[in-house]
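Below: the structure, in structure tokens.
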Amino acid sequence: MALLEIKGLTVKFGGLTAVDDLDMTVTEGTIHSIIGPNGAGKTTVFNAITGIVKPHSGSILLNGIDVTRLKPYRIIEFGVSRTFQSVVVFKYLTVLENLYVGYHSVLKLNLLEEFLPKKRKIATWEMYCKALQIADFLGLKSRLLSYAGSIPYMSQKLVEIGRALMSDPKIILLDEPAAGLTDTETEQMKEIIRHIKEKMKITVLLVEHDMRVVMSLSDMVSVMDFGKKISEGRPEVVRNDKEVIKAYLGENEYA
Ligand SMILES: Nc1ncnc2c1ncn2[C@@H]1O[C@H](COP(=O)(O)OP(=O)(O)OP(=O)(O)O)[C@@H](O)[C@H]1O
Ligand SMILES: [Mg+2]
């Protein structure tokens, strides 16, 4: 079933067309990767899905509902969460508090309930339990009370993923999760992404330059170049596509 449908999406910045008439369908339960050279428009697609940039034309549907013109905080309520290409953590909040930030869209106390101590207590307890569970999965339990700005880069990336998972998303958008990681950390990151799909049953839309990650994890790969989709298919098909090799992978990489 199509969880996310992008139809004729065009995003322009002044005279530059960053995304050009893009069609893409992400099937529920899959890891779907978008690859392409620097400046191809990958992050802009994420920004359009999450409502950060407004498309010039086209539409974005989640479970068949058009969310194209909705504000970012409304789109989160449709089960979309994301991480950013440059790590975005609240440096002067603890890891636990960073995770709490991701829960705010789940916390739906109305004004009256805000003043009912019991309701508030239950909600806070649920938030704490969820944060513990996610920290445990990501190996962050021993760092829960550390300031997020003081922990290693890999851990900061995991905090960002944790924050995105706190909102119980149906789909998580990961923008270069393996960038800047060592080989060992990259392997860890792969396991985490696999777990998100297989155990947590969350659909993953992945932007990644590391082809080892893309080729081993993806069920489907879409390739962008200059804002356009130039190829799409299973990893083994895309890696042998002449257009892709020419545009992105380099003549020798997978020859
Ligand atoms: N807010 C913006 N204002 C103006 N131009 C932008 C903006 N965001 C992106 N662009 C331009 O749009 C094009 C696509 O950028 P985008 O960041 O989506 O590429 P990308 O595929 O994510 O590249 P990379 O692999 O380097 O992250 C680039 O030419 C970029 O300079
Ligand atoms: Mg990018």
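Quick note: the coordinates plus some simple rules give every number you see, no bench work behind them. Predicted model, so just to flag it, every value in this text is computed and none were measured. Please note: Cβ atoms are built from the backbone with ideal geometry, for glycine as well, and neighbour counts cover all protein chains shown.
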| field | Listed peptides 46-59, 190-203 by packing density, highest first (mean Cβ within 10 Å) | value | 46-59, 190-203
| message | Let's see if you can work this out: charge +1 on each Lys and Arg Cβ, -1 on each Asp and Glu Cβ, no other charges. What is the dipole magnitude of the range 157-255 about its Cα centre, in debye to the nearest 20? | response | 380 debye
| Working out 0.36 nm times the residue gap between His209 and Glu191, then minus their Cα-Cα distance, what length gain in nm do you get to one decimal? | 4.8 nm
| said: Quick check for me: using +1 on Lys/Arg Cβ and -1 on Asp/Glu Cβ, what's the dipole size of the chain about its Cα centre, in debye to the nearest 20? | reply: 980 debye
| field | Length-normalised contact order of the range 84-168 in % [C-alpha pairs under 8 Å, at least 6 apart] | value | 53 percent
| task | Evaluate Rg over Rh across the chain, taking Cα atoms for both radii and Kirkwood's formula for Rh. | result | 0.99
| query | Could you give P(r) for the range 84-168, binned at 10 Å from zero, as whole percent values over all Cα-Cα pairs? | reply | 19, 48, 24, 8, 0
| query | Calculated FRET efficiency, Arg74 and Thr182, Cβ-Cβ r, R0 45 Å, to nearest 0.05? | reply | 0.70
| task | Once you have the Cα-Cα distance between Glu97 and Leu16, take 0.36 nm times their residue separation minus that, and quote the gain in nm to one decimal. | result | 25.3 nm
| For the chain, what's the relative contact order in percent, using C-alpha pairs closer than 8 Å and at least 6 residues apart? | 26 percent
| field | Cut-off 14 Å (backbone N to label point 7 Å along Cα→Cβ of His56), residues of the range 1-39 | value | 8-22
| task | Measure nothing fancy, just the Cα-based angle from helix 117-138's long axis to the longest principal axis of the chain, in degrees from 0 to 90, nearest 10. | result | 40 degrees
| Of the listed peptides 76-85, 117-126, what is their order by residue-averaged count of other C-beta atoms within 10 Å, with the highest listed first? | 76-85, 117-126
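Go through 172-178, 28-34 and give me the packing order, highest mean Cβ count within 10 Å leading.
Result, highest mean first: 172-178, 28-34.
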| Helix 153-165: angle to the longest alpha-carbon principal axis of the chain, degrees 0 to 90, nearest 10? | 80 degrees
